[in-house]
Structure formats: C-alpha cells, structure tokens
1. 5 Å is the cut-off here: which amide hydrogens, built 1.01 Å from N in the peptide plane, fall below it relative to residue 219, excluding neighbours closer than 5 in sequence?
2. Hey, if you put +1 on the Cβ of every Lys and Arg and -1 on every Asp and Glu Cβ in the stretch 274-347, which of 331, 290, 303 ends up farthest toward the positive end of that dipole?
3. When the chain is treated as a GNM, springs tying every alpha-carbon pair under 10 Å, which of 34, 104, 207 comes out with the largest mean-square fluctuation?
4. Taking θ as phi - 60°, what are the ³J(HN,Hα) couplings along the stretch 323-333 by the Karplus curve (6.51, -1.76, 1.60), each to the nearest whole Hz, with x for Gly and Pro?
5. In debye, nearest 20, what is the charge dipole magnitude of the stretch 183-296 about its Cα centre with +1 on Lys and Arg Cβ and -1 on Asp and Glu Cβ, if you could check?
6. Near the amide H of residue 34, under 5 Å away, which other amide H atoms are found, from residues 5 or more places off or on another chain, if H is placed in the peptide plane?
7. Which lysines have a Cα lying under 25 Å from the Cα of residue 267, excluding residues fewer than 8 positions away in the same chain?
8. Between residue 102 and residue 212, what is the label-to-label distance in nm when each label sits 7 Å out along the Cα-to-Cβ direction?
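No value in this document is a laboratory result; all are computed from the given coordinates. Computed from a prediction, not measured in an experiment: that's the story for all the values here. Here Cβ is always computed from backbone atoms with ideal geometry, including for glycine, and neighbour counts include all displayed protein chains.
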Amino acid sequence: MADESISGNLKDLSLSRNGVVSKKSHLVVCFGEMLIDFIPTVAGVSLAEAPAFEKAPGGAPANVAVCISKLGGSSAFIGKVGDDEFGRMLADILKQNNVDNSGMRFDHDARTALAFITLTAEGEREFVFFRNPSADMLLRESELDVDLIKKATIFHYGSISLIDEPCRSTHLAAMDIAKRSGSILSYDPNLRLPLWPSEDAARSGIMSVWNLADIIKISEDEISFLTGADDPNDDEVVLKRLFHPNLKLLLVTEGSAGCRYYTKKFKGRVNSTKVKAVDTTGAGDAFTGGVLKCLASDASLYQDEKRLREAIFFANVCAALTVTGRGGIPSLPTQDAVQRTLAEVTA
C-alpha cells in the first residue's frame, strides 16, 4: 500500500497543456547537456563483453524537460549539440515530445556527446563518456535565448555544464538572468566523477553554485561525497552541511526506498512503490521532473507539508515506472501511466 498520509487528491496534480509559453503557462526551462546513451542489450556484462548496444537519447536536463512534458507540463531545453545526425535526432526527439527546443544550438565543429553505460544485473550503471570536447561543452553566452530564460517559472540545471569553459560561464550567466527574472532555481548536481578533473574539483564545482539554488535534489551517494560523512541518513549532517539559509526545499532520493525532504519548517520521508528494476537510467530525472511539474503550477508547494508529500509520492511513482524500461527518455512515463499506477497503489 502507498503511504497512508498520501491522499486521494493526487489526480489534482495534473496540468492541462497550454500551447502558449509564458510565465502563466508554468514553464520549466532546463539547461545543460543532451547526448546519446549507448546501453548494452544484455545486463550484467562489461562494455567489452556486451554483444550489442541500443542507442537512446539522454542527458539529465533534457530527461527532466521531456518528463515534465510527458506529464502534461510545459518545458523547454537550452543546450548545444553537434550539427550532425545525432544532434538533429535529439532536437527532433524534443520536438516530438512537445518540449520547446528553440534554445538549442548546433556546433559545426564539435560532435554530439556520447555515453556508453554498463548495467549490472540489478540495473545499476557505470559510465564511459566521449567528450573531447563535445558540443555541449562549447555553448557560449552570446548563444543564449535570453527571452526564453526570462519566461521560466522554474530554471533547472545540473553540474556537468559547470565543468568546462565556455559552458561554465554561460551557465552562470543563464542562472543570473533567471534569478533576476524571478524564476525559481532548481539544482540537481548529478555527480559524474569521470567527467571532472579530480574529486576536489568536483566538490568545489558542485558547491560553487550551491547557495544560489532555491530547490536542490541530491542522492545519498552525493551527500557522502560532498560532506565526507559516513552516514548520509544523518539529518544533522544534511541540515548543517547542505541546507543553506536561502534554500526552500532539499530532496534526498533513496532509490527504491523513496525520498526524504527538508524545508525550513518541516522534514520527513515518503515511501516509493515497488517495481522490478530493469534499468535505473533516468530515474532521478523522472523524480525531478515529477516534482518540478507539480511545483511549476503550485509555487508555494514546499510550504504545505501535505501537498508536498503528495507531490513527492507522485514523483516517486514517476521514477519507479521509469526503471521498468530501458534507457532514459524512452522509459519516462506518461501522465496516464502515472495516474493508473497512483489509482492502483492508493486504492
């Protein structure tokens, strides 16, 4: 059974689509990387042992944008891909999923990024990236769609776009535009250590924008990495080391177990629903998309614990459904699929 404190009002979290992009349409603008994931057709083998790979569109910010749209929300993506077959394919996939891709740019010299992902028998992942450099690292401030950023109710980003110039400076400029325009800043560090020069560089880079975010979503592993603490479940560690004065909501995902939440007024935990995991790629992004879709239409959500818990359970179901398929974007659930599952688990 679902958490008993989750009411039957979850259906009310749905948004009807509004074709006009404006502040009133609850737009979530996602900034960062979009790439091609190559996933072994057989789980539990090394890359060298994999008999074949399936290609799938990916990249955490793009995953979040598609998730929001599939859930009936309004989203846009800003980032750069190569002017190549893969880059054009990714732009088309966003368009097919009703994500505004007008903020995408195409690089004539650098290629679209690739990631080869190994899956354990349990569906957990390891990454090998091809970015030397890839187009997403080369987005310049002059290429930003400023008007699109200014329309964002929520501006969402990760940390991969903070690793290299010129994208880092572009990322910071986009955050500044969004903040001055009154957007809520949403941050998912999405730690990918192989992409950073060192562990110290990763900690420093991730924390460099920490205190600017209104909403942060992290995993237990990321808590351990960022704080050096042995126990990521220690509330004192989370609140003292990671909850900054301007933060409205801190979410800690616990995989299949669910999610913990922290605000200035309350904290708690919401269980997930049990599923058979095939591939965990995109699960965290589906969770983030579920939360942001709810928050975009209810900006004071974090102030009401009952409504917040309902939104988190909605997001937990989004993540759970995503791991039952293979690949990030292809496995993201539709609004109908989430509502069917909610109806089953809250019955």
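1. Placed amide hydrogens put 253 under 5 Å from residue 219.
2. Value: 331.
3. Evaluated over the chain, the most mobile residue of the options is 207.
4. 6, 7, x, 10, x, x, 4, x, 9, 5, x
5. Working: 14 positive and 15 negative charges, 118 e Å.
Around 560 debye, computed over the stretch 183-296.
6. 80
7. 11, 217, 240, 248, 293, 306
8. Distance between label points: 2.4 nm.
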